[in-house]
Amino acid sequence: MTATFQDPMFQDEDKAREALEAVRWPDGPICPHCGNSDQDKIAKVEGKKQSHRPGLYYCNECNGQFTVTVGTVFERSKVPLTKWWTAAHMMNSGKNGVSAHEIHRSIGVTYKTAWFMMHRLREAMTDLKPGPMGTLGGAVQADETYHLNTSKRAKGYKKGLKNKASIFALVDENTGTVRTFHIDKTATAERIQEILFTNVERKATLVTDESQLYKVLGKEFGNHQKVKHSTLTYVNEAGYTTNNIENFFGIFKRGMRGTYTFCGEQHLKRYLAEFEFRHNNRSGLGVSDGERTAIALKGIEGKRLTYRPTN
């Protein structure tokens, strides 16, 4: 075990709970039932008999009881918080991800439990309130790719893009952040139009390849720059490129093929959220592995995920 996992939060359940409380409640406990944040009306349940569960709080505003896991993806989980912290850190320590098999062997849970834990953590990584991209007239790279059913040796292989999963992504050049979308069926101008108009400022510069999908859409933005990949050009005359988004697609596909091997299309959006989160909180932007893990666990709130919809 590495020195990182010798930290008390990975070994002691009380320390793990305190670390999660510090991440979720930096200014003190907040009641998940009524939203009360008045520390004078929230009391920690303590006593020598220890007849209550550890980390229990009582809200005098609504007379409700809660712990740090209530109202999160960890609620009602029987897995110790030390193992949740370990799994979250392992997922956020490498840009290609970590398989559920490795999680289950490392932390001592069943493969089924590890698989479900990873989906809960991916749900926590999802950004529910993303802001607009390309603000102040900045450039936004846009491109689409196709994944799943790409190997001709696969049993169910069928030729044609309509038989593959369509993925669309945007990269804001000013912030270096990416935003991904799983498009049902084949990517069309109509489906891409809805994504672009709801995520990118109209004054922004749209940077794409020479695909006909953007021929009309590009006119709706402040500027439309094309990069002609068919002529092996990767930087156009104005200095614009789509290399950033191509690099992201490369990392995503290497991780999916090398680490996860297989993914059902119904789960693809969560895998996209995982790679998107790590890219937007990468070391190149000054975010360490520990900080990335803490940021991921800040997103656990309000995202209950039960086994039935996951499966």
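Things to note:
- Rolling a 1.4 Å probe over the heavy atoms of the protein chains gives the chain an accessible area of 54 Å² per residue.
- Using a cutoff of 8 angstrom between alpha carbon atoms and counting only pairs six or more residues apart, the relative contact order for the stretch 209-248 works out to 32 percent.
- Accessible carbon and sulfur surface of the stretch 206-311 relative to its total accessible area, %, 1.4 Å: 49 percent
- If the chain linking Lys185 and Ser77 were pulled fully straight, counting 0.36 nm for each residue of separation and taking away their Cα-Cα distance, it would gain 35.4 nm.
- Relative to the longest principal axis of the Cα atoms of the chain, the long axis of helix 189-199 lies at roughly 50 degrees.
- Cα-projected label distance for Lys215 with Thr175, points at 7 Å along beta-carbon direction, nm: 3.3 nm
- Residues in the stretch 127-142 carry Karplus couplings, in order, of 8, 7, 10, x, x, x, 9, x, 5, 6, x, x, 8, 10, 7, 10 Hz; the curve used is 6.51 cos²θ - 1.76 cosθ + 1.60 with θ = phi - 60°, and Gly or Pro positions show x.
- Cysteines of the chain lacking any other cysteine Cβ under 4.7 Å from their own Cβ: Cys263.
- Cα-projected label distance for Lys269 with Asp127, points at 7 Å along beta-carbon direction, nm: 1.7 nm
- The orientation-averaged shadow of the Cα convex hull for the stretch 174-300, equal to a quarter of the hull surface, comes to 9.6 nm².
- If R0 is taken as 35 Å, the Cβ-Cβ distance between Arg202 and Glu291 corresponds to a FRET efficiency of 0.55.
- Kirkwood hydrodynamic radius of the chain, from inverse mean 1/r over distinct Cα pairs, in Å: 21.7 Å
- Contact order relative to length of the stretch 109-257, as percent, for alpha carbon pairs under 8 angstrom and 6 or more apart: 22 percent
- P(r) tail fraction, the stretch 267-307 - alpha-carbon pairs more than 11 Å apart, %: 69 percent
- Two-site label geometry, Val23 and Gln11: point separation in nm, points 7 Å out along Cα→Cβ: 2.0 nm
- Percent RCO, i.e. relative contact order, over the chain, from Cα pairs under 8 Å lying at least 6 residues apart: 21 percent
- Each principal axis of the Cα atoms in the stretch 1-101 has its own extent, and those three values, largest first, are 45, 29, 23 angstrom.
- The stretch 53-152: C-alpha pair distances exceeding 20 Å, %: 60 percent
- The angle separating the long axis of helix 289-298 from the principal Cα axis of greatest extent in the chain is about 80 degrees.
The values are calculated or read from the model by the stated rules, or taken from the named source; none is laboratory data. Keep in mind it's a predicted model, so treat the numbers as computed, not measured. Because the Cβ atoms are built from the backbone with ideal geometry, glycine has one as well, and the counts that use them run over all protein chains shown. In case anyone asks, the SASA skips ligands and DNA or RNA and just uses the protein heavy atoms, side chains included. Shrake-Rupley method; radii C 1.70, N 1.55, O 1.52, S 1.80 Å.
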